[in-house]
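The values are calculated or read from the model by the stated rules, or taken from the named source; none is laboratory data. From a predicted model like this one, the values you see are computed outputs, not experimental measurements. No Cβ is skipped: glycine too gets one built from the backbone with ideal geometry, and neighbour counts run over all protein chains shown. Just the protein is used for accessible areas: all its heavy atoms, side chains included, with ligands, DNA and RNA removed. Shrake-Rupley method; radii C 1.70, N 1.55, O 1.52, S 1.80 Å.
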Amino acid sequence: MMEVWAGEGRYRGGDPDAGVTTLHAFSFGSHYDPDNVGFGLLMACNEELLAPGAGFGEHPHRDTEIVTWVLEGTLEHRDDQGRTARLGAGDLQLLSAGTGVRHVERNGGTHPLRFLQMWLRPDPFGGPPQYTAVTAPVPPGPGLRLLAAGAPDACPPVLLRQPAAALWAARPAGHDSSTLPAAAYRYVHVVRGTVHLNGTTRLCPGDAARITGREPVEARTDGPAEYLVWAMDPRP
């Protein structure tokens with residue numbers, strides 16, 4: 001089964017007066033929808049837009065895999081483990097919160113910052129917090145590229161603390177066709193351009209498809225595009 005969730009229907013949150021605008025794909029914070037609390041192992045998929053100098057002050061996380069894909073601008077990360085990083089468009093970071101971590105995220109540049117942040121349930125819980133940043137793991141070109149996975153033998157750029165999940169990305173420059181990885185749950189989020197699924201379902205920027213079942217699904221683009229795919233097989 002494939003269900004399309006339009007980008008324009010996402011819940012608008014954040015603090016616009018402080019330069020932070022957020023689009024939430026699932027229930028988050030003060031917004032609660034009992035029919036939309038997550039999908040597969042995903043707990044959040046937030047698109048953040050931060051004005052220069054704006055951001056999120058120091059705050060805690062625990063037992064959450066937080067994957068961030070930078071779309072434009074400069075993201076500055078700092079945490080209580082002494083780690084600091086500056087990421088640009090096309091860069092990826094993972095914060096495995098483990099037993100607990102505090103961090104700061106802000107726009108470290110002079111232009112607007114936009115990024116997609118996705119929260120995932122870990123397995124197992126606990127463990128020391130970990131941080132990984134990868135520069136430009138997916139150059140523009142055909143096909144899907146593996147970004148993150150919980151299986152070390154898959155050789156992903158980022159190793160998740162969740163063996164039942166994998167994140168893929170595609171940044172085709174033109175016509176392209178890729179078969180989505182097989183999984184019980186698949187989540188497709190379009191960042192740029194237009195993506196056609198099985199030739200009948202059209203996704204535009206901000207749109208997402210939630211797919212249950214292992215039937216083959218083909219993603220096709222006819223021009224420049226960028227999209228992410230979560231493939232998840234949670235335990236019963």
How many of the residues in segment 184-236 are in contact with a strand residue (DSSP E or B) (Cβ under 8 Å, 6 or more places away or on another chain) and on the phi > 0 side of the Ramachandran plot? 4
Considering only residues that are closer than 22 Å to LEU160 by Cβ and surrounded by fewer than 20 Cβ atoms within 10 Å (Cβ to Cβ), which ones fall in segment 211-235? THR212, ARG214, ASP233, PRO234, ARG235
Counting just the residues of segment 72-92 that are part of a strand (DSSP E or B) and open to solvent by 10 Å² or more (accessible area, probe 1.4 Å), which one comes out nearest to VAL191 (Cα to Cα)? GLU72
Hey, does segment 107-124 have a residue that's without any contact (Cβ under 8 Å) to a residue 40 or more places away in the chain, within 30 Å of SER178 (Cβ to Cβ) and part of a strand (DSSP E or B)? no
VAL4 - would you say it is open to solvent by 20 Å² or more (accessible area, probe 1.4 Å) and assigned to a loop (DSSP other than H, G, I, E, B)? no
So, first residue within 15 Å of PRO140 (Cβ to Cβ) in segment 213-236, second residue assigned to a strand (DSSP E or B) and open to solvent by 60 Å² or more (accessible area, probe 1.4 Å), Cβ within less than 6 Å, six or more apart or across chains; the pairs are ALA225/ARG192; GLU226/ARG192
Subset of segment 9-36 that is modelled with pLDDT of 95 or more and assigned to a loop (DSSP other than H, G, I, E, B) - its residue that is most open to solvent (accessible area, probe 1.4 Å): ARG10
Condition met for ASP63 (charged (D, E, K, R) and surrounded by 19 or more Cβ atoms within 10 Å (Cβ to Cβ)): no
Residue by residue through segment 113-135, note down the ones that are under 30 Å from THR21 (Cα atoms), open to solvent by 50 Å² or more (accessible area, probe 1.4 Å) and more than 15 Å from the chain's Cα centre (by Cα). GLN130, THR135
Residue hits (segment 163-209; outside any strand (DSSP E or B), in contact (Cβ under 8 Å) with a residue 60 or more places away in the chain, buried (at least 21 other Cβ atoms within 10 Å of the Cβ) and not hydrophobic (A, V, I, L, M, F, W, C)) are ASP207
